[in-house]
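Trainee: Here it is, the structure in full.
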Amino acid sequence: MAYHNIIIAIDGFSSCGKSTLAKELAKHLGYSYIDSGAMYRAVTLYFLRNQVSISDPASVAEALSNINLAFIYNETNKTSEIYLNDENVEPYIRDMIVAEKVSEVAAIKEVRKFAVAQQQQMGLQKGIVMDGRDIGSAVFPDAELKIFMTADPEVRVMRRFKEMYVTNPHITIDEVRHNLELRDYIDSTREESPLHRAADALILDNSNLSRDEQFHLVLEWVRERTKPVKA
Ligand code: CDP
């Protein structure tokens with residue numbers, strides 16, 4: 001007996017733990033994991049490095065034509081990492097300087113077209129877990145399992161603060177809170193595929209769930225949707 005491969009779309013506000021859950025699921029199911037936010041962060045890093053004016057459509061179009069993104073699996077870290085024009089940019093894309101700009105960049109229609117086309121290509125074979133803001137609503141509207149994650153805002157701020165503190169001990173809780181509030185606001189109110197729960201997405205509030213409890217709950221949802229078929 002074998003299980004159908006499906007597409008699992010995980011959306012939600014920043015720092016809800018989407019990537020933790022997505023990575024665990026992908027590992028367990030033998031699926032690939034794609035962090036769509038990493039693509040918007042890598043594009044933003046390129047824009048910052050090359051001083052691309054986001055209000056000038058011609059500059060944006062030219063910049064996008066010079067960007068090549070790829071995910072390459074890192075055997076040591078057991079996760080896929082994003083490459084921007086052949087450079088592994090994982091060490092830079094989570095910095096505050098990128099976090100401060102990424103939502104503005106991700107709101108640009110041409111940037112979204114650029115990223116979404118590649119994301120849809122990656123889902124053609126199914127067997128994929130992708131997390132982001134518009135995965136269930138725009139990238140894979142037919143995904144077999146859609147999850148919309150939420151968590152208490154202060155829980156999210158503290159989670160992200162602890163993550164960022166490791167590489168930047170000067171960061172403050174207020175800076176992190178301000179960034180999350182701003183990104184959530186821009187992401188939810190932008191014109192192009194704003195963050196919203198797809199009507200058929202299951203809500204997962206993990207404020208009071210352990211990582212293990214959350215994982216097993218979602219695994220049940222996966223099993224319900226991957227009916228066994230004859231091998
Ligand atoms: O890790 P966190 O949830 O804070 O953010 P992320 O997934 O790395 O995404 C960074 C930013 O990219 C978000 O705040 C959105 O502005 C944008 N994004 C998006 O617009 N659409 C997606 N599918 C994924 C991310």
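Trainee: Of everything in segment 154-187, what is in contact (Cβ under 8 Å) with a residue 60 or more places away in the chain and either of a type in the set (S, T, Y) or more than 28 Å from V222 (Cβ to Cβ) (or both)? Give them in sequence order.
Mentor: Once the filter is applied, which keeps residues that are in contact (Cβ under 8 Å) with a residue 60 or more places away in the chain and either of a type in the set (S, T, Y) or more than 28 Å from V222 (Cβ to Cβ) (or both), segment 154-187 yields V157, M164, T167, N168, I171, E175, N179, L180, L182, R183, I186.
Every residue, every condition in (1) of a type in the set (S, T, Y); (2) under 30 Å from T172 (Cβ atoms); (3) more than 12 Å from the ligand (Cβ to nearest atom), yes or no:
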site	(1), (2), (3)
A99	no, yes, no
E104	no, yes, no
Q118	no, no, no
Q125	no, no, yes
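Trainee: Separate question: Looking at N68, N77, which is the one that is polar (S, T, N, Q), on the phi < 0 side of the Ramachandran plot and modelled with pLDDT under 95? Spell out how you get there, then give the answer.
Mentor: On the way: N68 fails: modelled with pLDDT under 95.
None of the others qualify; the one that does is N77.
Trainee: Still on this model: For segment 85-99, give me the residue count where each residue is surrounded by 15 or more Cβ atoms within 10 Å (Cβ to Cβ) and touching a strand residue (DSSP E or B) at 6+ places or on another chain (Cβ under 8 Å).
Mentor: 3
Trainee: Would you mind finding the one in S55, S32 that is among the polar types (S, T, N, Q) and more than 30 Å from I171 (Cα to Cα)?
Mentor: S32
Trainee: Taking the stated definitions as given, is E110 loosely packed, with under 14 Cβ neighbours inside 10 Å, out of contact with any strand residue (DSSP E or B) (no Cβ under 6 Å at 6 or more places or on another chain) and touching a residue at least 60 places away in the same chain (Cβ under 8 Å)?
Mentor: No: the conditions fail for E110.
Trainee: To continue, here is another question. Say whether the condition of being within 20 Å of S32 (Cα to Cα), modelled with pLDDT under 95, part of a loop (DSSP other than H, G, I, E, B) and in contact with a strand residue (DSSP E or B) (Cβ under 7 Å, 6 or more places away or on another chain) is met by at least one residue in segment 219-231.
Mentor: yes
Trainee: Of all the residues that make up segment 127-152, how many are surrounded by fewer than 15 Cβ atoms within 10 Å (Cβ to Cβ) and either modelled with pLDDT under 95 or closer than 17 Å to L182 by Cα (or both)?
Mentor: Residues in segment 127-152 being surrounded by fewer than 15 Cβ atoms within 10 Å (Cβ to Cβ) and either modelled with pLDDT under 95 or closer than 17 Å to L182 by Cα (or both): 1 in total.
Trainee: Residue by residue through segment 5-45, note down the ones that are free of Cβ contacts under 8 Å to residues at least 60 places away in the same chain and either crowded, with 20+ Cβ neighbours inside 10 Å or within 10 Å of the ligand (Cβ to nearest atom) (or both).
Mentor: Of everything in segment 5-45, those that are free of Cβ contacts under 8 Å to residues at least 60 places away in the same chain and either crowded, with 20+ Cβ neighbours inside 10 Å or within 10 Å of the ligand (Cβ to nearest atom) (or both) turn out to be A38, A42, L45.
Trainee: Return a yes/no flag: does segment 157-180 have any residue that is closer than 21 Å to L204 by Cα, more than 12 Å from the ligand (Cβ to nearest atom) and either in a helix (DSSP H, G or I) or at pLDDT 95 or above (or both).
Mentor: There is at least one residue in segment 157-180 that is closer than 21 Å to L204 by Cα, more than 12 Å from the ligand (Cβ to nearest atom) and either in a helix (DSSP H, G or I) or at pLDDT 95 or above (or both).
Trainee: Could I ask something else about it? Being within 10 Å of the ligand (Cβ to nearest atom) and within 9 Å of I7 (Cα to Cα) is the filter here, so list the residues in segment 127-145 that pass it.
Mentor: If the condition is that a residue be within 10 Å of the ligand (Cβ to nearest atom) and within 9 Å of I7 (Cα to Cα), then M130 is the only one that fits.
The values are calculated or read from the model by the stated rules, or taken from the named source; none is laboratory data. Every value quoted in this text rests on a predicted model; they were computed, and no experiment measured them. Counting neighbours? That spans all protein chains shown, and the Cβs are built from the backbone with ideal geometry, glycine included.
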